[in-house]
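A.B. asks: Below you will find the structure I want to go over with you.
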Amino acid sequence: MTTLFDILFQLVFGPCTLFVGHPENGLLMAMSFAILLVVSILRSKEIMTLTHLLLLASAGLWVGYVWWEFHAQQQGWNIRVDILCIWPVLLLISMAAAWRGIRSVAFSKHQEPINDKGVGDPSPRTDSLD
């Protein structure tokens, strides 16, 4: 019989199997967050402190995880109690960073195109209801 604990355990630690023993997958995650950070900064044209800090922290944590995973492989560690501590933190920060980063890219403010006089569209609006 599957308990609620078993379901929650699989939700939290199930994705971990993609990264334990495969540090190259962690590098892909780090690069993804770094690219999302750059795109978010370029699209928003300003620094959004919490969003960009989360993206930077997530990329850095993934790089740290990759380094730790390489170290664990070199030592031949098979039973990994450290994953119980590392993975929930990495997962939560990554989910928060992905959510904030994708939202910042998808909903960034677009500036109006600039005309030959260096300003936005100066034509008066004619769609008002009188």
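Every number here is computed from the coordinates shown, using simple stated rules; none is lab data. In this text the structure is predicted, and so the values were computed from the model without any measurement. As a convention, Cβ positions derive from the backbone with ideal geometry for all residues, glycine included, and neighbour counts pool all protein chains shown.
A.B. asks: From the phi angles alone, apply the Karplus equation (6.51, -1.76, 1.60; θ = phi - 60°) to region 24-39 and give each ³J(HN,Hα) in whole Hz, x where the residue is Gly or Pro.
C.D. replies: Once θ is set to phi - 60°, the couplings for region 24-39 become 4, 5, x, 5, 4, 5, 4, 5, 4, 5, 5, 5, 4, 4, 5, 5 Hz.
A.B. asks: Do any chymotrypsin sites (Phe, Trp or Tyr not before Pro) in region 56-85 lie in a loop, going by DSSP, with at most 13 other beta-carbon atoms within 10 Å of their beta carbon, and if so which? Mind showing how you got there, number by number?
C.D. replies: Numbers: sites: Trp62, Tyr65, Trp67, Trp68, Phe70, Trp77; in loops: Trp77.
Within region 56-85, the qualifying chymotrypsin sites (Phe, Trp or Tyr not before Pro) (loop, at most 13 other Cβ atoms within 10 Å) are Trp77.
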